[in-house]
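Notes follow the structure.
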Amino acid sequence: MRRYIPALLLLALVIGSGGRLAAQAAPNDALAREIFKELIEINTTDTPAGNVTKAAEAMAARLRAAGFADADVRVLGPDPRKGNLIARLRGSGKRRPVLLLAHLDVVEAKPQDWSVDPFTFLEKDGFFYGRGTSDDKSMAAQFVANIIRLKREGATLDRDLILALTADEEGGAFNGVEWLVRNHRELIDAEFAINEGGGGSMRKGKYLTNEVQASEKVYQDFRLEVKNAGGHSSLPVKDNAIYHLAAGLARLQAYEFPVSLNEVTRTYFERSAEVESDPKLAADMRAVAKPDTDLAAAARLAARLPYYNAQMRTTCVATLLEGGHATNALPQLARANVNCRILPGTPPGEVRDTLVKVLADPAIAVSFVAEARPSKPSPLRPDVMGIVESLTKEMYPGVVVVPVMSTGATDGLYLRNGEIPTYGVDGTFGDMEDVRAHGRDERVGVKQFYDGLEFQYRLITRLAR
């Protein structure tokens, strides 16, 4: 029997759910929160205490309980603790599948460094706290809840939706996406993928931009080493391995790579200026976006926010340091790791040559830790960008959609190199001046999580119809 909702009640439902029908949204909100809590409280670090397979199996159990066939839900991987979940919501097959990718692993979090337990899901003061709340278990929880919702609704789809929840994106020996591309390409083969790397940016509660990641910087570690004959600490000499390395690192700290923008980053600053309330900041963004970049404006932007700086240049920073072998001996070895995020198109060899010049000490040997893996940008498909634009207007009026180059590395590089175009699209907004991913007291806004859940539901539904 057909049922009608009185107009005033309908309006109340829509307003009360932030633009969503409460009757539809509330059950999915509760499910997503439950899934989110379960994922946060499973330790998936690359440590002896961590186990990604446990999280993958927990999500597989939820999907099977929701009616997914056993043949459409698999957990597999090269290591017992590094299992990847691959699930398929079947459509008519008129079009090629869309891949929904999120990683289950998280960086290590030491309880003594946090004000709350990093592996206990906590809702407090309008935020969800816990390791992985922003990177990347929120997206994983949203994907799982939404494909369960679509399954329960009996949605008619023109293509399959493939869900991949994977291991070792944050580091480790068994990167799940790389392993799947090499060994089980048929399970994840898709026309394109939706991944992390994008998301909404806000400042002081105001929503500004919704970002679509279409390219990313190149990750490259360099090893800096100084070796020395050493000796007794009671007979110090100027030729000290630690002093050599420390002086070189101080010179690196003072150095900035030159400003260099590309099509994506120019568009990012140009569109961000449209919604920036600070007229001076907006003017600097426009000045930087011009073909002849205003370097003074670039310097002001770089000083204002690390993210702006990272959009405009290659960055290199010391991340690990070790030296010496005894408290009463001159050091025979001093070593540092320098992590670089290189602009697309810049040869890593050029960056190494720059480091050698900046360190300015032949005693410091500079070597590659591993071979860099650049990936080509994904084309800005009109169908994907058009849906993101229309959804953003529906849910976040006044917010501008901008393509971005991710300053960090994501698993999108393995997909792009495997000829699966990948787009970082999220819809969950975060404060651009309070980024806590990989840091202390990681969190995501409660409202922003639920808004992102609905954004992803509408996004994947429209992409699949």
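Read-outs: derived from the displayed coordinates by stated rules, not from any lab. Everything numeric in this text was worked out from a predicted model, so none of it was measured. All Cβ positions, even for glycine, are placed from backbone atoms using ideal geometry, and neighbour counts span all protein chains on display.
Brief remarks follow.
- Global dimensions of the stretch 218-368 from alpha-carbon coordinates: Rg and Dmax equal 19.7, 64 Å.
- Projected area, mean over directions - the stretch 230-277, Cα convex hull, nm²: 6.6
- Peptide packing: for 437-443, 248-254, the average count of neighbouring Cβ atoms within 10 Å per residue gives the ranking 437-443, 248-254, highest mean first.
- Largest first and in whole Å, the equivalent-ellipsoid semi-axes of the stretch 142-186 read 28, 14, 5, each the square root of five times a Cα gyration tensor eigenvalue.
- The Cα atoms of the stretch 329-460 define a convex hull whose projected area, averaged across directions, is 12.5 nm².
- For the chain, calculated [θ]222 nm from helices alone, where every DSSP H run of n ≥ 4 adds -39500 (n - 2.57): -11500 deg cm²/dmol
- Pairs over the 18 Å Cα-Cα cut-off, from the set K37/K204; K280/K393; K206/K447; K54/K137; K54/K124; K37/K447: K37/K204; K280/K393; K54/K124.
- Fraction in percent of alpha-carbon pairs per bin - 10 Å, the chain: 4, 18, 28, 26, 15, 6, 2, 1, 0, 0
- Those GluC sites (Glu not before Pro) in the stretch 294-397 that DSSP places in a loop and that have at most 10 other beta carbons within 10 Å: E371
- Working from Cα pairs under 8 Å separated by at least six residues, relative contact order for the chain is 23 percent.
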